[in-house]
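The block underneath contains the structure these notes are about, expressed in structure tokens.
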Amino acid sequence: MNISFELSGKILTAFIFGELDECSAGAAKAALDEVISKRGFNGFIFNLSGLTFMDSTGIGVLLGRYKKLLAQNAAVYIDPPPPAIDKVLRTSGIYNVIKKL
Amino acid sequence: MKNYIKLRLPAISENESYARSAVSALALPLSPTVEELNDIKTSVSEAVTNCVVHAYPGRGELTSREILIEAELSENEISITVTDFGVGINDVEKAMEPFFTTRPADERSGMGFTIMKSFMDIVEVKSKKDEGTTIKMIKRIGARNA
């Protein structure tokens with residue numbers, strides 16, 4: 001798992017690559033939180049198109065970051081991910097909270 | 001003879017990727033769709049994550065926190081059991097409810113069993129206090145064409 005960031009205007013996009021599970025969740029949270037805490041954006045996009053695997057631990061990672069972003073009044077979106085990841089997201093009901101782009 | 005695997009390994013998160021890959025690879029001769037393969041992978045990952053996170057609180061020694069993964073093929077299904085020998089689940093019915101987690105502070109979604117139940121055809125949980133937990137899952141392959 002690794003994450004890269006891109007700031008375009010006031011929109012910050014986090015590109016998450018590889019496998020997001022219990023093993024990589026700690027590193028993912030740390031990397032995302034560091035950038036989120038620096039602020040300087042008013043929109044935040046989770047781009048999951050490079051994810052090859054994610055389970056419910058990943059849902060916890062996304063929701064935890066969403067709460068922090070909400071506290072900063074940022075608009076948060078998920079860029080439509082590959083079908084397997086999308087199924088996990090749909091099953092968890094996360095799209096009721098974080099909208100698809 | 002039908003093919004099978006038995007894996008005994010420490011319940012640590014580093015083994016999750018290996019466990020889900022091994023079980024899903026066993027299913028390949030049944031010609032699963034990409035979606036069916038991912039359903040198996042994700043469900044095994046959920047079951048193993050539960051063992052890693054919940055089964056052995058405070059036990060650091062790897063040999064004292066093992067899981068046993070057994071998977072077996074039949075003509076049109078794969079049957080998988082994930083067993084730990086840990087503390088057990090207090091209330092299985094409660095544990096299977098969506099969003100239920102004993103560890104909300106860890107940002108856990110509580111969706112593990114919900115995903116297993118919706119991705120697999122059969123999910124059964126047996127648990128006994130201080131003896132451990134077994135999750136049995138069956139996935140029918142090619143069910144749509146049957």
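Give the residue, chosen from B:Pro57, B:Pro32, that is within 13 Å of chain A (Cβ to nearest Cβ) and outside any helix (DSSP H, G or I).
On inspection, the qualifying residue turns out to be B:Pro32.
Is it the case, given these coordinates, that B:Lys41 is under 15 Å from the mean Cα position of the chain (by Cα), at pLDDT 95 or above and not in a helix (DSSP H, G or I)?
Considered against the rule, which asks whether it is under 15 Å from the mean Cα position of the chain (by Cα), at pLDDT 95 or above and not in a helix (DSSP H, G or I), B:Lys41 comes out as no.
When the residues of the stretch B:95-119 are filtered to those that are over 16 Å from the mean Cα position of the chain (by Cα) and part of a helix (DSSP H, G or I), which remaining residue is farthest from B:Glu46 (Cα to Cα)?
B:Ala105
If you check B:Asn76 against the conditions, is it of a type in the set (S, T, N, Q), within 30 Å of A:Tyr66 (Cβ to Cβ) and away from every other protein chain (no Cβ under 14 Å)?
No; evaluated as a whole, the condition is false for this residue.
Among the residues of the stretch A:19-34, is any basic (Lys, Arg), in contact (Cβ under 8 Å) with a residue 24 or more places away in the chain, under 21 Å from B:Thr49 (Cβ atoms) and out of contact with any Leu (no Cβ under 9 Å at 6 or more places or on another chain)?
The answer is yes, given that some residue of the stretch A:19-34 is basic (Lys, Arg), in contact (Cβ under 8 Å) with a residue 24 or more places away in the chain, under 21 Å from B:Thr49 (Cβ atoms) and out of contact with any Leu (no Cβ under 9 Å at 6 or more places or on another chain).
Can you name the residue in the stretch B:108-122 that is surrounded by 15 or more Cβ atoms within 10 Å (Cβ to Cβ) and in contact (Cβ under 8 Å) with a residue 24 or more places away in the chain and is also farthest from the other protein chains (Cβ to nearest Cβ) among such residues?
Top of the filtered list is B:Met120.
Being of a type in the set (A, V, I, L, M) and surrounded by fewer than 16 Cβ atoms within 10 Å (Cβ to Cβ) narrows it down to one of B:Ala105, B:Ala95, so name that one.
The match here is B:Ala105.
Quick check on B:Val82: is it closer than 25 Å to A:Gly58 by Cβ, crowded, with 21+ Cβ neighbours inside 10 Å, among the β-branched types (Val, Ile, Thr) and out of contact with any Cys (no Cβ under 9 Å at 6 or more places or on another chain)?
no
Filter the stretch B:2-29 for residues that are in a strand (DSSP E or B) and of a type outside the set (Phe, Trp, Tyr); which is farthest from the other protein chains (Cβ to nearest Cβ)?
Top of the filtered list is B:Lys6.
Please count how many residues of the stretch B:44-60 are at pLDDT below 95, among the charged types (D, E, K, R) and either touching a Phe, Trp or Tyr at 6+ places or on another chain (Cβ under 6 Å) or over 11 Å from B:Ala11 (Cβ atoms) (or both).
Of the residues in the stretch B:44-60, 0 are at pLDDT below 95, among the charged types (D, E, K, R) and either touching a Phe, Trp or Tyr at 6+ places or on another chain (Cβ under 6 Å) or over 11 Å from B:Ala11 (Cβ atoms) (or both).
Can you tell me which residue is surrounded by the fewest Cβ atoms within 10 Å (Cβ to Cβ) among those in the stretch B:27-76 that are β-branched (Val, Ile, Thr) and over 19 Å from B:Ser17 (Cα atoms)?
Looking at residues that are β-branched (Val, Ile, Thr) and over 19 Å from B:Ser17 (Cα atoms), I get B:Thr63.
Just to be sure I understand the filter: pairs with C-beta atoms under 6 Å, separated by 6 or more residues or on different chains, first member in the stretch A:76-90 and within 27 Å of A:Lys10 (Cβ to Cβ) and facing another protein chain (nearest Cβ under 10 Å), second member among the aliphatic types (A, V, I, L, M) and outside any strand (DSSP E or B). Which pairs pass?
A:Ile85/A:Leu48
Considering the stretch A:1-44 alone, what residues qualify as being surrounded by 15 or more Cβ atoms within 10 Å (Cβ to Cβ), among the small types (Gly, Ala, Ser) and more than 13 Å from chain B (Cβ to nearest Cβ)?
Answer for the stretch A:1-44, where residues must be surrounded by 15 or more Cβ atoms within 10 Å (Cβ to Cβ), among the small types (Gly, Ala, Ser) and more than 13 Å from chain B (Cβ to nearest Cβ): A:Ala14, A:Ala31, A:Gly43.
The values are calculated or read from the model by the stated rules, or taken from the named source; none is laboratory data. What you see is a predicted model; the values in this text were computed from it and never measured. Note that each Cβ is placed from the backbone with ideal geometry, even for glycine, and that neighbours are counted across all protein chains shown.
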